[in-house]
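I have placed the structure first, in the form of structure tokens, so that the comments after it can refer back to it.
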Amino acid sequence: MFLLISTLMAYDMPKGWVASSYRPNEYEMGIAEGAGENGKNAATIRSVRPDVVGYGRLMQTFSSEKYKGKRLKLTGYLRTKKVDKWAGLVMRVMGKTTNPVTGKEHKKLLSFDNMYSRFVSGTNDYTKYEIVLDIPDSATDIEYGARLTGPGQIWFDQLSFEVVGKDVPLTSAELQEPTNLDFDK
């Protein structure tokens, strides 16, 4: 008879952070002690099986109040191990909208970048990545963190924010204007 024993590491959740997942039982997330780029702690997201289908995301939300009308850069270091699909830092700028039928207020996505257009895969040492988004006056919250889609493990570390000038290009894959309206190759 064949017996398979799987040992899973348990991670402590960093204070102020929220784990979310398409399939919550397929990812472990938390603090990886001493695994940071500088030898200090890092956050990690790890698939618990090699055939996972969903994604794991570790996020934090803060008020956009002091950044309204400005361009904001998120910088962080990301390390990957056997990432089969993709991983990246994430930043979302949220506002509010009111449902005209129910009158209830809901969150509304104003701008977004999850590095999908320049994702990280495979096994890589710590590398610096940046996300740059405009924060509209109608923004209420800024959500940020990291995401792992599919199997593998990521570590992220040394996150920081900086207000930058309008000369710093946006990293979002969103088009700034309509393009290729006549469908040229």
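Values in this text are rule-based calculations from the coordinates and carry no lab data. Note that the coordinates shown come from a computational prediction; the quantities given were computed from them, not determined experimentally. Counting neighbours? That spans all protein chains shown, and the Cβs are built from the backbone with ideal geometry, glycine included.
So, counting K/R as plus one and D/E as minus one, what does the shell of residues with Cβ under 9 Å around ARG92 add up to?
Values: positive: none; negative: ASP113, ASP141, GLU143.
Taking every other residue near ARG92 into account, the sum is -3.
Using the basic label-point model (7 angstrom from Cα toward the beta carbon), what is the MET13 to LYS68 distance in nanometres?
Going from the MET13 label point to the LYS68 one covers 3.0 nm.
Any idea what the dipole of region 43-97 comes to, in debye rounded to 20, about its Cα centre with Lys/Arg Cβ at +1 and Asp/Glu Cβ at -1?
Rounded to the nearest 20 debye, it is 220 debye.
At most 12 other C-beta atoms within 10 Å and a DSSP loop state: those are the exposed GluC sites (Glu not before Pro) I care about. Give me the longest piece of the chain that has none.
In short, 34-173.
How large is the Kirkwood hydrodynamic radius of region 79-185, counting all unique pairs of alpha carbons, in Å?
Its Kirkwood hydrodynamic radius stands at 16.1 Å.
So how far apart, in nm, are the two label points at VAL168 and VAL48 if each is 7 Å from Cα heading toward Cβ?
3.8
Which aspartates and glutamates have a Cα less than 18 Å from the Cα of LYS73, not counting those fewer than 8 places away in the same chain?
Partners within reach: GLU65, ASP113, GLU130, ASP134, ASP137, ASP141, GLU143, ASP157, GLU162, ASP167, GLU174.
Taking +1 at the Cβ of each Lys and Arg and -1 at the Cβ of each Asp and Glu, which of LEU181, GLY103, TYR129 sits farthest along the dipole of the chain towards its positive end, judged by Cα position relative to the Cα centre?
Checking the options against the dipole of the chain, the answer is GLY103.
Using the charge dipole of the chain (Lys, Arg: +1 at Cβ; Asp, Glu: -1 at Cβ; taken about the Cα centre), state which of ASN25, ALA139, THR171 has its Cα farthest towards the positive end.
Sorting the options by dipole projection puts first ASN25.
Local charge sum around GLU162 (other residues, Cβ-Cβ under 12 Å, Lys/Arg +1, Asp/Glu -1)?
Residues near GLU162 contribute +2 overall.
Placing +1 at every Lys and Arg Cβ and -1 at every Asp and Glu Cβ, with all other atoms neutral, what dipole size does region 18-164 have around its Cα centre, in debye to the nearest 20?
220
More than 25 angstrom separation, counting every C-alpha pair in the chain; what % is that?
Of the Cα pairs, 42 percent sit more than 25 Å apart.
Run the numbers for ALA35 and THR127: contour at 0.36 nm per residue of separation, minus the present Cα-Cα distance, in nm. Don't skip to the answer; put the middle values down first.
On the way: separation 92, 0.36 × 92 = 33.12 nm, distance 1.39 nm.
Computed gain between ALA35 and THR127 is 31.7 nm.
I need VAL48, VAL132 ordered by Cβ neighbour count within 10 Å, fewest first.
Values: VAL48 14, VAL132 18.
Lowest count first: VAL48, VAL132.
Within straight cross-link reach of LYS70, meaning Cα distance under 29 Å, which lysines are found once same-chain residues fewer than 8 apart are removed?
Result set, ordered by chain and number: LYS15, LYS96, LYS104, LYS107, LYS108, LYS128, LYS166.
From the residues TRP86, TYR116, LEU74, which one has its Cα farthest along the dipole of region 71-124 in the positive direction, the dipole being from +1 and -1 charges on Cβ of Lys/Arg and Asp/Glu about the Cα centre?
LEU74
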